[in-house]
1. Please sort 266-275, 437-446, 517-526 by packing, taking for each peptide the average over its residues of neighbouring beta carbons within 10 angstrom, highest first.
2. With just the Cα atoms of region 409-456, tell me how far they stretch along each of the three principal axes, in Å, largest first.
3. So, taking all protein chains as they sit and a 1.4 Å probe, how much accessible area belongs to PHE458, in Å² rounded to tens?
4. Could you tell me which of rounded, prolate or oblate describes region 217-274, using a ≥ b ≥ c as the square roots of the eigenvalues of the alpha-carbon gyration tensor, with rounded for a/c under 1.5 and, failing that, prolate when a/b is larger than b/c and oblate otherwise?
5. With θ set to phi - 60°, apply the Karplus curve 6.51 cos²θ - 1.76 cosθ + 1.60 along region 387-402 and write out the HN-Hα couplings as whole Hz, x wherever there is a Gly or Pro.
6. Got a sec to turn the phi values of region 493-504 into Karplus ³J(HN,Hα) couplings, 6.51 cos²θ - 1.76 cosθ + 1.60 with θ = phi - 60°, whole Hz, x for Gly and Pro?
7. Ranked from the most accessible area to the least, with a 1.4 Å probe and all protein chains present, what is the order of HIS74, HIS561, HIS509?
8. So how far, in whole Å, is the C-alpha centre of region 349-375 from the one of region 198-264?
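The values are calculated or read from the model by the stated rules, or taken from the named source; none is laboratory data. Remember, it's a predicted structure, so these values are computed and weren't measured experimentally. Cβ coordinates were reconstructed from backbone atoms using ideal geometry, including for glycine residues, and neighbour counts include every protein chain displayed. Remember, those area values only see protein heavy atoms, side chains included, never the ligands or the DNA or RNA. Shrake-Rupley method; radii C 1.70, N 1.55, O 1.52, S 1.80 Å.
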Amino acid sequence: MMTVAQAAYIVAIFACFYAVQAATLIQNVISINGTYQHSVALPAATAQTYRIITPNPSGVYYNVRIQVNQNAGHVGFYCNPGWGGQPQIGSNIAQSGNAIWQTDDAWFDSLTISANGASYLPTNSSTTSAILAGLSTSTSTYQPAFNCSAINPSVVNAAMFTLTVTFDANNNTLLPSEVEGLTTIYESCCSGATSCLAWKAKTTQLGEALYTNFCQFEGQYCTASGHLQQLDLTSYNMKCAFPISSLDLFPSMQTLILSSNPNVTTNLGSMMSVMANVQGLQRLELKGNIGISGPLADSSPSTSSGLCSVIQNGLQYLDFSNMDLTGSLPSCLLSAPGTLSQIGFSSNNLTGTIPDVIPTNTSLYSLVLDNNNLTGSISATLVNARLLSSLELYSNNLAGSIPDDFGAGMYMLQAVLLSDNNLNGTLPSPLATSMSTTYLDVSHNQLTALPAEWTVGFTNATQSSFVNIFLEQNQIQSPFPAAVAAFPNLLLFYANNNKLSGSLPNASHVFPQTRVLNVAYNNLTGSIPATLNTAGLFNTSLGAVLVSPTTALSQVFNVSHNNLTGSVPAFLASSKVPSYTKQGVSLVGNDIIANCGNSSFSYLDVCDSLLNSTDVVPSPSPTPTPTATPAATPAPIAALTVAATPAATVALAPAITQPATTVNGVATDSGNSPSASTSKSGVGSGAIAGIVLGVLAALVLGTVATALYIKQKRTHSRTLLRMQSSGGFSRFEDF
């Protein structure tokens, strides 16, 4: 359930990379047969690689089933083909945006490498010959392998996860009763010329009347006994009144994904009543299906019927985003102490309040309720969600204050997005001093004050994890938050259009990594401190923030329309300001004295009558990538890949040294003793560090770009109108 805002915070955690001085790659060499289970504490800024080799085929290829249970922190798991022993996608280690198979960072997530997939085996004869040379003589005896990596991008927190890998021979046959269910779905929903094209192509390829053995169809997964466990019909362009009774024929279903089929219609309540009969359902995704109608809750949302019964049966992941659903949130959605960890209802028409019923033993990890019509206040019981990582409540009609204790004891909290509501009061101290939060957006509310820890200072300010902070368009009357200037990872800071007072911080090493500092339209006094010359946006040694491989972000230093005095500091001379920052400097609307006759300062907007009247900061070039990230050095993007370095290998296969301990028939490994399982085959410590740095650098390239992309998405088309009507400066608004 990936919303645009969610993409921002997920990528935002990678922005901390530039603070990494060294990275570690843990390697294990493990020999297994059957099921492999690996529990490990993965340190900050660390990647762990695995080379997964399927069992000896004996004429049968094996599906690879991977499950990642995130016990603490946040890891991504990525896999690429390992033909011939090396990654084949851009010759890079598997990573976000550069992997054929990957999890989507759910609290509990899984992926299946299907033996029926196009990338499972080499796709042409020349490649096949090269790969098989020295390994075997034909594809009939080729043993497929996959290079995978688990990456903890945080430079602050360790992550704990449990990895389970199972191999399933790709020779199962779907049970006849479940074939009947698939046949009903096909006959009801796939008659359109553009519907179910992959399904039709498989049918044509095999010359069958209708292909129904989904045990051997990519994206689907069966048990050894022929029960369908995963049915994924995403973007099949089905057009029908969905035959919900057919779902009753899949009693072992664990994952049902029908997302992005807008022409499928049915009643949500009726569908949930049928799904309640599937006892083991863990994941349910219907996002983007605007034809599935009806209120979210049934007439008795506290009972065990409908959606509540599905949740009580052990559901872990629920995504009903972008469905135009109405009604209110049932209390069972948040009150159940069970396994439900990820909840997504973004962009619906939900009304009512957020139930204040979250228990202390909740598994809640992500709550995404943005772009609805929710009212009332933020639930005081949210503080009970100790595992909460992401809270997205923006663009609703919430009022009241943010609970005073919000953030206390929430050591996994990474993203808090509360913008575009009617919240008032003070930003809570526990949230402001969080050591895990990277992304905070409380803009466009009615907040009136910042906590003393930000205005006076607090002990751990220099250890803060904050990357992006958006406070603009509130009524904040506090002194300038000097403590924020010490945050070592802060990239974007927007506090414009408030009532901040006092002076800009005059201390050494302020805003060390900050690339956007916008405090326009406040009541700041004093002069521009000369110590700001070391801020990130003026530090040429850091390089530009890149929004594409060839485009640098127009970094922003906007202190316009305050009560600043004094002269333009020498560090703003044209020859000293990086070109990618120069166009973002705005000083108009103050009592600052500028020597406009000096060519070194002629670029400033205070010397340009046109800019003096419009005060427009140029926007960066459009980018299709959600989030913003600085390059660790001014090196070109290509230098951040690891084309010549082979991936570290961890073999999950027979005939490798360091066999795993077997407990009750299941191979296990603590994962905490790299010295006992380090690969001996060709990757030295320097290369290892290079791999991880390359991986993390490639991952971070989206961070600053995503954050800015999301902020640019905020009605850029309304920005000029707003500035002309109010004289104010807003950051980019939603399109």
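1. Going from most to least packed, we get 437-446, 517-526, 266-275.
2. That gives 27, 24, 15 Å along the principal axes, largest extent first.
3. Here the accessible area works out near 40 Å².
4. Details: a/c = 2.58, a/b = 1.38, b/c = 1.87.
Judged from the Cα gyration tensor, region 217-274 comes out oblate (a/c at least 1.5, b/c at or above a/b).
5. 8, 4, 10, 9, 10, 10, 10, 5, 6, 10, 10, 6, 10, x, 9, 6
6. Once rounded to whole Hz, the list reads 9, 10, 9, 5, 6, 10, 10, 5, 10, x, 10, 5.
7. Working: HIS74 10, HIS561 60, HIS509 135 Å².
Of HIS74, HIS561, HIS509, the descending order of accessible area is HIS509, HIS561, HIS74.
8. If you average the Cα positions of each part, the centres end up 31 Å apart.
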